[in-house]
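Data block below; observations after.
Values in this text are rule-based calculations from the coordinates and carry no lab data. Bear in mind the structure is a predicted one, so any value in this text is a computation, not a measurement. Heads up, the Cβs are rebuilt from the backbone with ideal geometry, glycines too, and the neighbour counts pull from every protein chain shown.
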């Protein structure tokens, strides 16, 4: 009986190994590898942030597709390109576009951006698969302290502009630390007349949708997240906004990744604080007066 | 012009610079040895206690960062603080600190209202003295625990979280949010209750007792440590002192060391904030003097007392 069980396990293991070896070449997210079968969308996921010894910061970004099946051969076939627009935040500098080299770690495509200054980074990734076009974007502020502009990207390329259509986050002063409860205003740049609604996703699960106005503008206020509120002040989550638009040339899927922290002042209760402040203050005043009255007698 | 008037002008000028200077592009750095609260948006410089507790600039820095350029930056801030604290020593407290001026405003208001000051007995004052050491230990230990023992980041800036300047000073810039209770989680709620409660109690305490907060101020200890290398000296010619006790009676923080010192020249005690009220009120020529190295900046004189404290007023001075 035990021998039979062992044999079954061996056969099962051999099958799994074989399936695993064949899958990267043969499947696209569990489906047969036919060129017309492309991922639904791609998005930028935030990786670790490394503090370099010279004071500069390196942020890693992964380019991902649903079910994590974007590997090196696929990425190369999809003609993945990436670049970023950076702007020194303090003092305000000119907007510079820099192409980025896509690197691979165990087949997973990733990007590294390094900066030694307080900089606003607007990262764009574009790809094509058959007739489908993909856009992914994100915005992040980086607080580098080496004073150097950048160390690991290619030289600036004037006139670099994101390929349309794409989701554009309207700049705001509060974006250096994006939080739940904050209002984010987007514009679907270069899109068609009726792009529909933007899907809000977390961990590839749809959490809701946001309707666009006829001009392609929409606002999103991420709700407070109790898990973030209980975690460290620096903890974050990633929310992806997805817009898919059918065009005569094929489907366009655009995503925007928001790196959200817990709200700093969203849970503040001013009347309660003021009441406590006044009560304690009056309590001390009353205590001193009472002590003085007692000492008179 | 009296020293008191000169001090008030300096205090008000520094209050404007440190509270609103940032809006005019003034930035005096993050290593100021006074309560120039960083929670005041548009302030002209930051209190060093904040930098000392911060992850990026002070004790909450992880070990790996300490050996990088960030560690060097933190060391530069410490050096700058030491330089500034040594250069002006306690003049920071009596002449520059914006939170000190707020306390002086409350004292002026109380005096205008004719309300008697609360007297702290010497024994009670001595009992309260260790609190500032406890606060200093607290602001040093908690950031270290965050950096090396995995304490939650919600405990970050532990002294700022309970400092009464945090809710009060931003009010001068129209910011009320630090008066709010923060219901994010239990730790933030407890800290906000402590912060607002301490601020309310301290404000009332500062109204009744001149420079009440200075009894608990941990910055005083840090500045006092640098007394030995400071060019600012506060000296007494012990032979000339008659022991009249004016210095003790007039002192806003009730220091009696100046009167009681019978052997040593140096009378700059830990709680002294160099307001020079004692020097102004000393009737003996050159007995008390504030010096920059060996050069006297201001010395006591009978003539000064006669001019600025006429007999009628002196008769009303509070008795021991």
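Structure notes:
- Only Cα pairs under 8 Å and 6+ residues apart enter the sum, and on that basis the relative contact order of region B:19-156 stands at 23 percent.
- Summarised as an ellipsoid, the protein assembly as shown has semi-axes of 64, 25, 24 Å, derived from the eigenvalues of the Cα gyration tensor scaled by 5 and square-rooted, with the largest first.
- Taken residue by residue and averaged, Cβ atoms of other chains lying within 10 Å of the Cβ of B:173-182 number 5.
- Burial ordering of A:110, A:104, fewest other beta-carbon atoms within 10 Å first: A:104, A:110
- Overall form of region A:107-198 per C-alpha gyration tensor (a/c, 1.5; a/b vs b/c): oblate
- Between the helical axis of B:69-88 and the longest alpha-carbon principal axis of chain B there is an angle of about 10 degrees.
- Computed FRET value (nearest 0.05) for residue A:103 with residue B:269, which takes r as the C-beta separation and R₀ as 56 Å: 0.35
- Cα gyration tensor shape for region A:91-142, rounded if a/c is under 1.5, else prolate or oblate: oblate
- Each peptide among A:209-219, B:44-54, B:271-281, B:99-109 gets the average number of other Cβ atoms lying within 10 Å of its residues, and from highest to lowest they stand as B:44-54, B:271-281, B:99-109, A:209-219.
- Normalising the average separation of contacting C-alpha pairs (under 8 angstrom, six or more residues apart) by the number of residues puts the relative contact order of region A:121-191 at 28 percent.
- Theoretical ellipticity at 222 nm over the protein assembly as shown - DSSP helices of four or more residues, -39500 (n - 2.57) apiece, nearest 500: -10500 deg cm²/dmol
- Note: region A:36-265, Cα convex hull, 133 Å³ per residue.
- 18 Å tail of the calculated P(r), region B:225-275, as % of Cα pairs: 29 percent
- Computed over the alpha carbons of region A:41-137, Rg followed by Dmax gives 14.3, 45 Å.
- From the Kirkwood radius over Cα pairs of region B:49-112, Stokes-Einstein at 10 °C and 1.306 mPa s returns a whole-number translational diffusion coefficient of 115 µm²/s.
- What the Cβ-Cβ distance of residue B:83 and residue A:176 gives, at R0 = 35 Å and to the nearest 0.05, is a FRET efficiency of 0.65.
- Convex hull volume per residue in cubic angstrom - Cα atoms of region B:132-264: 155 Å³
- Debye-sum result for chain B in log10 I(q)/I(0), which assumes one identical scatterer on each alpha carbon, at q = 0.09, 0.10, 0.13, 0.15 Å⁻¹: -0.49, -0.61, -1.01, -1.31
- Each of B:19, A:115, A:81 was scored by other Cβ atoms within 10 Å of its Cβ. Arranged with the fewest first, they read A:81, B:19, A:115.
- Kirkwood Rh, angstrom, region B:232-315 [1 / mean 1/r, Cα pairs]: 12.7 Å
- Simple spin-label estimate for residue A:53 and residue B:149 in nanometres, 7 Å along Cα-Cβ: 3.1 nm
- Neighbour counts of C-beta atoms inside 10 Å place A:236, B:88 in the sequence A:236, B:88, starting with the fewest.
- Here the average projected area of the convex hull drawn through the C-alpha atoms of region A:201-297 stands at 10.7 nm².
- Overall Cα dimensions of region B:78-141 - principal axes, largest extent first, Å: 45, 27, 18
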